[in-house]
1. Please work out if residue A:79 is touching a residue at least 24 places away in the same chain (Cβ under 8 Å), under 13 Å from residue A:328 (Cβ atoms) and either touching a helix residue (DSSP H, G or I) at 6+ places or on another chain (Cβ under 9 Å) or within 14 Å of chain C (Cβ to nearest Cβ) (or both).
2. Among the residues of the range C:286-321, count how many are assigned to a loop (DSSP other than H, G, I, E, B) and either within 14 Å of chain A (Cβ to nearest Cβ) or touching a Ser or Thr at 6+ places or on another chain (Cβ under 7 Å) (or both).
3. Please indicate, with yes or no, whether at least one residue in the range A:36-52 is aromatic (Phe, Trp, Tyr) and closer than 22 Å to residue C:350 by Cα.
4. Looking at (1) open to solvent by 30 Å² or more (accessible area, probe 1.4 Å); (2) in contact (Cβ under 8 Å) with a residue 40 or more places away in the chain; (3) not in a helix (DSSP H, G or I), can you tell me which one residue C:72 breaks?
5. Return yes when residue A:337 is in contact (Cβ under 8 Å) with a residue 24 or more places away in the chain, more than 9 Å from every other protein chain (Cβ to nearest Cβ) and either surrounded by 23 or more Cβ atoms within 10 Å (Cβ to Cβ) or outside any loop (DSSP other than H, G, I, E, B) (or both) and no when it is not.
6. Could you figure out which of (1) hydrophobic (A, V, I, L, M, F, W, C); (2) assigned to a helix (DSSP H, G or I); (3) free of Cβ contacts under 8 Å to residues at least 40 places away in the same chain isn't true of residue A:63?
7. Could you check residue C:15 against (1) under 26 Å from residue C:261 (Cα atoms); (2) open to solvent by 10 Å² or more (accessible area, probe 1.4 Å) and say which number it fails?
8. Of all residues in the range B:34-69, which are open to solvent by less than 20 Å² (accessible area, probe 1.4 Å) and more than 10 Å from every other protein chain (Cβ to nearest Cβ)?
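The values are calculated or read from the model by the stated rules, or taken from the named source; none is laboratory data. All values derive from a computational prediction rather than experimental measurement. Heads up, the Cβs are rebuilt from the backbone with ideal geometry, glycines too, and the neighbour counts pull from every protein chain shown. Areas reflect the complete protein model, heavy atoms only, side chains present, ligands, DNA and RNA absent. Shrake-Rupley method; radii C 1.70, N 1.55, O 1.52, S 1.80 Å.
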Amino acid sequence: MSTEDLAAAVDGLPLVDHHVHGALAGEVDRPALELMLTESDRPVPAWMTQFDSQLGFAIRRWCAPVLGLPAHADAADYVARREELGAEEVTRRLLAASGIGHYLVETGYKGDEILSPGGMASASGVPADEVVRLETVLEDLARSGVGAAELPSRFPEVLAERTADAVGLKSIVAYRYGFDFDPQRPSEAEVVAAAGNWLRSGSPRVDDPVLLRFLLWSGADRGLPLQLHAGYGDPDVELHRCDPLLLTRFIKLVEPSGVDLMLLHCYPFHRNAGYLAQVFPHVYFDVGLGVNYSGVRSAAVVAESLELAPFAKILFSSDAWGPPELHHLGALLWRRGMLKALSEWVEAGEWSEPDAIRVVRMIGQDNARRVYRLDQR
Amino acid sequence: MSTEDLAAAVDGLPLVDHHVHGALAGEVDRPALELMLTESDRPVPAWMTQFDSQLGFAIRRWCAPVLGLPAHADAADYVARREELGAEEVTRRLLAASGIGHYLVETGYKGDEILSPGGMASASGVPADEVVRLETVLEDLARSGVGAAELPSRFPEVLAERTADAVGLKSIVAYRYGFDFDPQRPSEAEVVAAAGNWLRSGSPRVDDPVLLRFLLWSGADRGLPLQLHAGYGDPDVELHRCDPLLLTRFIKLVEPSGVDLMLLHCYPFHRNAGYLAQVFPHVYFDVGLGVNYSGVRSAAVVAESLELAPFAKILFSSDAWGPPELHHLGALLWRRGMLKALSEWVEAGEWSEPDAIRVVRMIGQDNARRVYRLDQR
Amino acid sequence: MSTEDLAAAVDGLPLVDHHVHGALAGEVDRPALELMLTESDRPVPAWMTQFDSQLGFAIRRWCAPVLGLPAHADAADYVARREELGAEEVTRRLLAASGIGHYLVETGYKGDEILSPGGMASASGVPADEVVRLETVLEDLARSGVGAAELPSRFPEVLAERTADAVGLKSIVAYRYGFDFDPQRPSEAEVVAAAGNWLRSGSPRVDDPVLLRFLLWSGADRGLPLQLHAGYGDPDVELHRCDPLLLTRFIKLVEPSGVDLMLLHCYPFHRNAGYLAQVFPHVYFDVGLGVNYSGVRSAAVVAESLELAPFAKILFSSDAWGPPELHHLGALLWRRGMLKALSEWVEAGEWSEPDAIRVVRMIGQDNARRVYRLDQR
């Protein structure tokens, strides 16, 4: 059974990257670059390099040729070539070669170091819409001098303004607290009390669980698809508290609101996410981030994501932030993983090739276009 | 290294399906059928079909030919053909082609919609024995007007009568509460108090953890193998509370009673179940349910089930309920998964072919015959 | 793409087994041997044999030829041949054929039944250094008649003496309590109180969480790499409490001390360990023990260990205790698993062969030599 048509469909699909951040806005040297090739926020020890990792090997294998170097170019040559071409050209090449057709850019993290949605559209030549991080909107509101008593009514107004053109919302409750929060909508009195404590503390960072829950429920009220970081991330997370299964009661409570919940990344809990996506119509998931960081092993992660969830409930994302290598590899490794899994199944006669092509399009493009209403923009 | 003998042994093995429910007793239309092809109890959204899932693809691939259609027949044609043949003929064909040789039928869930053990025996032409659900026996007893004070003594009597011909018991404490219960046997006073509250509430459904523990310990007293739903299931479960590892203390406490504990399904915690089956002589497990719902990916799930547990401690089940496609695929996908794994190992020279054949027979048939004492019936 | 050089490098690498115990010091009969081929401490039931397991099949496949029998020799012949050769010769052959070049021997468990580090060096002809179990040092100190009040100051002195020549420390807090302990360093008053209770109890076994934490922090003060049993083990563990993610807060608290934390085994939580090893510079892990017990499936476990962690953070161990089959297979299965994964990646053009060879050397030897400062001995 030939799988040429499947290969062509996978290769040519203009992916919707439904959760991504901007590419780097400026130049970085090797130490700075290495720090962006790990979820660690610690300095890279002298006795190692982040290039000696699955991600590092994937960069040398797949990004080097895009920059005009041989595959497996060594790290020093790669960094030198990167600097020679300059950030703008590196970004242009890597984004173009990724074949991503539409970026949904989450703008809430270190936005001054990376391209804005407009900048991503310019650099890539394809549309880029915005996903707004709830915690950032609240932290901006706090800096504006809001009082605790007015915060419960002011936040939804500010959120509506801030998201007038957005396609989705994002919560990082996983980072700021964990998923083991009280799933009920907090009362206004609770929110006012928590806001008072927080505003008095002077901390720019919201991590009070009452306020984080208030953000989630305000997000549900807003009605846009609500992305939740789940699973693997930087050392801020306590990973065992980021298993999406811990959201089960919240998922049930929020179901009547009609909001769609987009579980992001999920590694190493992606099978758990697949269960939630099967049983709850408003739950979706992807395996972004984990795909990049597992490099050649991402084929296994992608295959594991194709178990319990109906194919209408799985999406593609890169979760890239910063180095455009991450945008490029997010797409490339996902394509390779999907092709590897599906072509094996077609060759074994288990799936038909037209079905396989249809599933690739659903996961890589159609589901995101439907959920985020991209055709109505 | 040829694996023809292994393939023949796998193909011809009359499986003991040690945990299964009846096939549908009547006709269903497509919407009703789709609701039975997911563990979700929510309506199928208009923008998707359950046929676009691993299970749906497996049905179109493997069941369509049994009904006289080409492999990968589309869903509409498949449903039309199903209706044309009628439920009885569809069931007859799919059960016969499954090669299952003995059904252990759990009768506690929606028994009026599906075939009884006798009906399964008639439809398949092979023996069908009964596994009795503990919660159902208690709920029936409650409906009969039992008083709280007499419940602790009446239940064992009723259970003995109800299971006079049964081969096993089943607990759904995972659905009704979770595995994070106090593992100790509750005192009679605790049971009477909990029973009083429950009977006064008028709820037909037992979900009080004291009563659920009472059922488990009563089941252990009864002495038949005790099946426990574990892992993945419908949205009633809070899946993180259904990890079989949470049973560790109960497993140790109940060990002196001599009861065998059969951990069912276990996905995505099947590796955890394998650990329990290695270290505790009275613990067994299977990967039913997850095999059906992961379709072509079930080969990976089956392979993962073959790690820590001694081969005498692993069983086969389909956990099918309703559509006989589930009975058929439970057997077919397990056979394919076992053959794929074991033939690779034989071809690589890691296992001998006679060993592989022996292991298939242990897991598919012999272990269940021994544990459930099927040869003494 | 040829992978001959890779195969030769894998085959010829003198591994550092960074966590292992001594081989059996004397003869054992079949029942005793079988009890050492499982993590269960229960008698092997009459209706089964531990040889019918992945480990048993791997012994018959790979160890039988080392003893002069055909591959897949049956269990009875294998045991007979073992007895015929005698323990010393069996050990000599299996250790030599393992190609292990350096043993880091943990001596705290049933040391009278197995070879000491010196005995291992003699039997193998390669160096063997010692890893000291913290709990054993404290239990020895208790037997010596220490008072509770002096214990906090005496223990570090005794530990320093006991570890003057050691290369590392080991904690079994996972067995004795679980990882869900208060991560803070306990105060001296707390330690004295807990020590008083323990010493008065007369129990030879330390399982008080305050004392176990005291050991961990004393170990951090000592400054040697600190090994922690994680994941799968005998029925003493409550496995869900041994997920290394539960150590996250302790890992952060101990980070400023500069101590390296070596997470051992980790199955089935090895992906979680990979996350910790990525984000925390002082965290390392291996997949020993699980490799032996999963036999032919160890290739999957090894591959799963090569995801998030930088290659400088992964190590090799066998965790063998007793039968030298476990030392032999720990090395052999790891080599086979690494070669299978890496040669596939090289053949597919995803990794270069020199990179693959470099990674094998890092994980199998170089990382351990660096962390345990073996070149400074």
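1. No, not satisfied.
2. Within the range C:286-321, residues that are assigned to a loop (DSSP other than H, G, I, E, B) and either within 14 Å of chain A (Cβ to nearest Cβ) or touching a Ser or Thr at 6+ places or on another chain (Cβ under 7 Å) (or both) number 10.
3. Among the residues of the range A:36-52, at least one is aromatic (Phe, Trp, Tyr) and closer than 22 Å to residue C:350 by Cα, which makes the answer yes.
4. All conditions pass for residue C:72, except number (2).
5. Against the criterion (in contact (Cβ under 8 Å) with a residue 24 or more places away in the chain, more than 9 Å from every other protein chain (Cβ to nearest Cβ) and either surrounded by 23 or more Cβ atoms within 10 Å (Cβ to Cβ) or outside any loop (DSSP other than H, G, I, E, B) (or both)), residue A:337 qualifies.
6. Among (1) hydrophobic (A, V, I, L, M, F, W, C); (2) assigned to a helix (DSSP H, G or I); (3) free of Cβ contacts under 8 Å to residues at least 40 places away in the same chain, residue A:63 violates only (3).
7. Condition (2) is where residue C:15 drops out.
8. Result: B:34, B:59, B:63, B:64, B:67.
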